[in-house]
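Structure incoming, see below.
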């Protein structure tokens, strides 16, 4: 991880690198809700839409989602449905998502849907095309279960995390830093041996099983209460 180098490019002064950063995508997978997304094509000019047909499409998508998520043992009462229409100006090759309330899709609702489309389009592109017709491309529905609760427990102090353990898990070796003109002898720390309150300066390297953090010169490093690495960069 060359986070400090990227931070300097972005002119950032502070960084937080979480413990086990290389496994955070797995944590995201575990903390994401079970979800099922569907779409059905329904091409129509906005002024000629049969809104009852659109409602029937969303009802079909909802029923299919309930079956699928039911197989995952998610109660129907805990499923959240997020419907939207994919819309565009006629002739465009891309569309935008316009959230809708299915119960409000009734004859005569076209003006409200157009207002929603215009607001959404303007928020994305800062302009609208007043003289161009609008059309619906498809109906899309995302159905998801509850968001899992993931509790990150801070590490607890133990006798093995003392100065002797730190020294036994430190070494020095050359590493290449272009900003320092080539290979430089720097400290290499075992992340498992670090503890809240530890601090050191770059250039340095912090290693663990799933992550390696390269800290260039001008970095002031402190280990926080979650064993995350907090970095202050000089100007």
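For region 36-144, what is the convex hull (Cα atoms) projected area averaged across all directions, in square nanometres?
Answer in nm², one decimal: 7.0.
At 222 nm, what value in deg cm²/dmol follows for the chain if DSSP H runs of at least 4 each add -39500 (n - 2.57) and the sum is divided by all its residues, to the nearest 500? Could you put the intermediate results ahead of the total?
Numbers: 5 runs with 58 residues, N = 235.
Theoretical 222 nm ellipticity from helices: -7500 deg cm²/dmol.
Could you sort the peptides 130-136, 219-225 by per-residue average Cβ neighbour count (10 Å cutoff), highest mean leading?
Details: 130-136: 14.3, 219-225: 16.7.
Ranked from most to least packed, the peptides come out as 219-225, 130-136.
Counting pairs of alpha carbon atoms under 8 Å apart in space and at least six apart in sequence, what relative contact order in percent does the chain give?
Working: 393 pairs, mean separation 64.6, N = 235.
RCO, the chain: 27 percent.
Now for a separate question. What length, rounded to one decimal in nm, is gained on full extension from residue 199 through to residue 232, with 0.36 nm per residue of separation minus their alpha-carbon distance? Don't skip to the end; give the middle numbers.
Numbers: separation 33, 0.36 × 33 = 11.88 nm, distance 1.12 nm.
My answer for the length gained is 10.8 nm.
Starting from the Cα of residue 222, step 7 Å along the direction of its Cβ; do the same at residue 78; then give the gap between the two resulting points in nm.
4.0 nm
Given a cut-off of under 8 Å on Cα pairs at least six residues apart, what relative contact order in percent is computed for region 36-144?
Working: 162 pairs, mean separation 53.8, N = 109.
The value is 49 percent.
Quick check on packing: order 112-122, 97-107 by the mean number of other C-beta atoms within 10 Å, highest mean leading. All intermediate terms of the calculation are to be shown ahead of the outcome.
Details: 112-122: 15.5, 97-107: 13.6.
Those peptides, ordered most packed to least, come out 112-122, 97-107.
A follow-up question, please. If you take the Cα atoms of the chain, find Rg, then find the Kirkwood Rh from the mean of 1/r over all pairs, what is Rg/Rh? Walk me through the intermediate numbers first.
Numbers: Rg = 26.8 Å, Rh = 22.6 Å.
When Rh is taken as the Kirkwood radius, the ratio is 1.19.
What order, most packed first, do the peptides 10-20, 76-86 have when packing is the mean number of other Cβ atoms within 10 Å of each residue? Intermediate results must be reported in sequence, preceding the final value.
Working: 10-20: 13.4, 76-86: 15.4.
Packing proxy ranking, top to bottom: 76-86, 10-20.
Give me the extension gain from residue 34 to residue 103: residue separation times 0.36 nm, minus the current Cα-Cα distance, reported in nm with one decimal. If you can, show how the numbers build up before the last one.
On the way: separation 69, 0.36 × 69 = 24.84 nm, distance 2.45 nm.
Length difference between fully extended and current span is 22.4 nm.
Every read-out reported here was derived from the displayed coordinates using simple, explicitly stated rules and does not represent laboratory data. Small disclaimer: the values here were computed from a predicted structure and weren't measured. Positions of Cβ are generated from backbone atoms using ideal geometry, with glycine treated the same way; all protein chains shown enter the neighbour counts.
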